[in-house]
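The next block holds one structure in the form of structure tokens; read it before the comments.
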Amino acid sequence: MAAPRTALVIGGTGPTGPLVVNGLVARDFDVTILHTGRHESELIGPEVRHIHTDPFDGEATADALGSESFDLAVVMYGRLRVLASLLARRCSHFVSIGGVGVYRGFGSPDDLFPLGMTVPLPHGAPLVGDGEDFRKLRMIRVTEESVFEHHPQAIHLRYPQLYGPRQPLPREWPLVRRALDRRPHLVVADAGLTVKSQGWIGNAAHATLLACDAPAAALGGIYNVADSSTLSLAQIAEVIADELGHNWELVSLPYDLAAPARPLVGSWSTTHRVLDIGPTMRDLGYCDVLAPVDAWRAAARWLAEHPLERGGPLEQRLGDPFDYDTEDRLVSAWKDARQGFEATLQNLDWTSEPNYGSAYVGNRPNPGVTEKRQSLNAADS
């Protein structure tokens, strides 16, 4: 019998790691994971060999690997630039994980004209240049270049913000905690319409395993990873509240005033960050293993069962003080101001009231249009 194929997974114990490791085991790989050993996962079985060292230390990793080589190397953690060099000529197929912040404008959407990224952002859109203010984003691009310098036939995956079980810093926690606390309202910025590509951990792991299969069309390529459809922040809030048996009023404020919404938006701008994953679907054969609405429901359930420590260090890192008293005062002040503004609006005398245009179809009246003309668009006409 032929010897089993060998796979080295660097990392492997984070949110997606055990799913990738077990997927490789199911593909009959003899799997070794290299990690610090600080975070073992009960999801990984005893058939998987462990090497404990620091993947951020090139010399220590080289010493731990000795002269070993592998059929497949999957680098999910550590200093990728160093590991790509170290594993050159040590593996037949190389898969690496990086980030989506490599695109120009990701950190500073006002660098673009018109302002903000297009929706979706084309896969081949310009990357950050050497003048990018954020060094971390520049180094993502440099790292990608290093991967292909040492592994021309590699497959590199750009992970987005992930959600789901075992996240070290679950950014959906502000929604889950407020739903558990039965907050009557949730402050959202600009109607909560911000859309940004994110990935359910199972979907991201599935894309990684597809890359491990080394389809010929994908060799030497870089691929964005994300759910195939994206919910707005308001829709995510609606799904999470519903899953946890709650209902709240979404109170929309202009972003400059919507301080409680900052941790969810994660930026000083509510512009969108939607990635093109068309090549990922075409070359890797990717499709969601769990649809986003179901995935967000699962994420909410898991966090409700595994809550963060209230006021603990992880919760503090999210940047959300959960200052409900001040939030209530903000909402009250906004509603008072809006009520006064609406009274002013009633005294405006339009020469012709703006409406939705002649192509409008909907279940609400088109302002300023006669009842006879309204009936032309009525559902029962």
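The values are calculated or read from the model by the stated rules, or taken from the named source; none is laboratory data. Because the structure is predicted, anything quoted here is derived from the model rather than measured. Positions of Cβ are backbone-derived with ideal geometry, glycine not excepted, and every protein chain shown enters the neighbour counts. SASA here: full protein model, heavy atoms, side chains in, ligands and nucleic acids out. Shrake-Rupley method; radii C 1.70, N 1.55, O 1.52, S 1.80 Å.
Return the only residue of Ala226, Ala211, Ala234 being farther than 17 Å from Arg171 by Cβ and either in contact (Cβ under 8 Å) with a residue 60 or more places away in the chain or of a type in the set (A, V, I, L, M, F, W, C) (or both).
Only one candidate passes the filter, namely Ala211.
Of everything in region 271-308 that's among the small types (Gly, Ala, Ser) and within 16 Å of the chain's Cα centre (by Cα), which residue is farthest from Leu157 (Cα to Cα)?
In this case the residue turns out to be Ala300.
Residue by residue through region 239-263, note down the ones that are aliphatic (A, V, I, L, M) and open to solvent by 30 Å² or more (accessible area, probe 1.4 Å).
Passing the criteria: Leu250, Leu257, Ala259.
If a residue must be surrounded by fewer than 22 Cβ atoms within 10 Å (Cβ to Cβ) and either outside any loop (DSSP other than H, G, I, E, B) or at positive phi (or both), how many such residues does region 30-63 contain?
Summing the residues that are surrounded by fewer than 22 Cβ atoms within 10 Å (Cβ to Cβ) and either outside any loop (DSSP other than H, G, I, E, B) or at positive phi (or both) in region 30-63 gives 13.
Based on this model, can you work out whether Asp71 counts as part of a loop (DSSP other than H, G, I, E, B) and either among the basic types (Lys, Arg) or closer than 24 Å to His151 by Cα (or both)?
no
Please find, among Leu314, Leu303, the residue that is touching a residue at least 60 places away in the same chain (Cβ under 8 Å) and either open to solvent by 60 Å² or more (accessible area, probe 1.4 Å) or assigned to a loop (DSSP other than H, G, I, E, B) (or both).
Leu314
Report the residue count in region 284-298 for those that are in a helix (DSSP H, G or I), surrounded by 19 or more Cβ atoms within 10 Å (Cβ to Cβ) and touching a helix residue (DSSP H, G or I) at 6+ places or on another chain (Cβ under 8 Å).
Residues meeting the conditions: 3.
Could you tell me which residue of region 122-150 is farthest from Arg273 (Cα to Cα), considering only residues that are touching a helix residue (DSSP H, G or I) at 6+ places or on another chain (Cβ under 6 Å) and either of a type in the set (Gly, Ala, Ser) or in a loop (DSSP other than H, G, I, E, B) (or both)?
Among those that are touching a helix residue (DSSP H, G or I) at 6+ places or on another chain (Cβ under 6 Å) and either of a type in the set (Gly, Ala, Ser) or in a loop (DSSP other than H, G, I, E, B) (or both), it is Ser146.
Given the conditions (1) in contact with an Asp or Glu (Cβ under 9 Å, 6 or more places away or on another chain); (2) free of Cβ contacts under 8 Å to residues at least 12 places away in the same chain, which single one is not true for Arg38?
(1)
If you scan region 155-177, which residues turn out to be among the hydroxyl-bearing types (Ser, Thr, Tyr) and over 19 Å from Asp242 (Cβ atoms)?
Tyr159
Looking at Leu157, Leu162, which one is under 19 Å from the mean Cα position of the chain (by Cα), closer than 28 Å to Leu43 by Cβ and open to solvent by 20 Å² or more (accessible area, probe 1.4 Å)?
Just one listed residue meets the conditions, Leu162.
Conditions tested, residue by residue: (1) in contact (Cβ under 8 Å) with a residue 60 or more places away in the chain; (2) touching a strand residue (DSSP E or B) at 6+ places or on another chain (Cβ under 9 Å).
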site	(1), (2)
Pro46	no, no
Asp57	no, no
Asp63	no, no
Asp71	yes, yes
Ala88	yes, yes
Gly107	no, no
Asp110	yes, no
Met117	yes, yes
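Is it fair to say Glu149 is crowded, with 22+ Cβ neighbours inside 10 Å and acidic (Asp, Glu)?
No: the conditions fail for Glu149.
Name the single residue that is modelled with the lowest pLDDT among those in region 77-121 being assigned to a loop (DSSP other than H, G, I, E, B) and aromatic (Phe, Trp, Tyr).
The selected residue is Phe106.
State yes or no: is Gly101 free of Cβ contacts under 8 Å to residues at least 60 places away in the same chain and within 20 Å of the chain's Cα centre (by Cα)?
For Gly101, the condition - free of Cβ contacts under 8 Å to residues at least 60 places away in the same chain and within 20 Å of the chain's Cα centre (by Cα) - is met.
Across region 165-192, what is the number of residues that are acidic (Asp, Glu) and in contact with a helix residue (DSSP H, G or I) (Cβ under 8 Å, 6 or more places away or on another chain)?
Of the residues in that region, 2 qualify.
Is region 166-186 home to any residue that is free of Cβ contacts under 8 Å to residues at least 60 places away in the same chain and either part of a strand (DSSP E or B) or not hydroxyl-bearing (Ser, Thr, Tyr) (or both)?
The answer is no, given that none of the residues of region 166-186 is free of Cβ contacts under 8 Å to residues at least 60 places away in the same chain and either part of a strand (DSSP E or B) or not hydroxyl-bearing (Ser, Thr, Tyr) (or both).
Within region 1-22, take every residue that is outside any strand (DSSP E or B), open to solvent by 10 Å² or more (accessible area, probe 1.4 Å) and of a type outside the set (S, T, N, Q) and give me the one that is modelled with the highest pLDDT.
In this case the residue turns out to be Leu19.
Before we move on, is Asp190 open to solvent by 30 Å² or more (accessible area, probe 1.4 Å), out of contact with any His (no Cβ under 6 Å at 6 or more places or on another chain) and not hydrophobic (A, V, I, L, M, F, W, C)?
Yes; evaluated as a whole, the condition is true for this residue.
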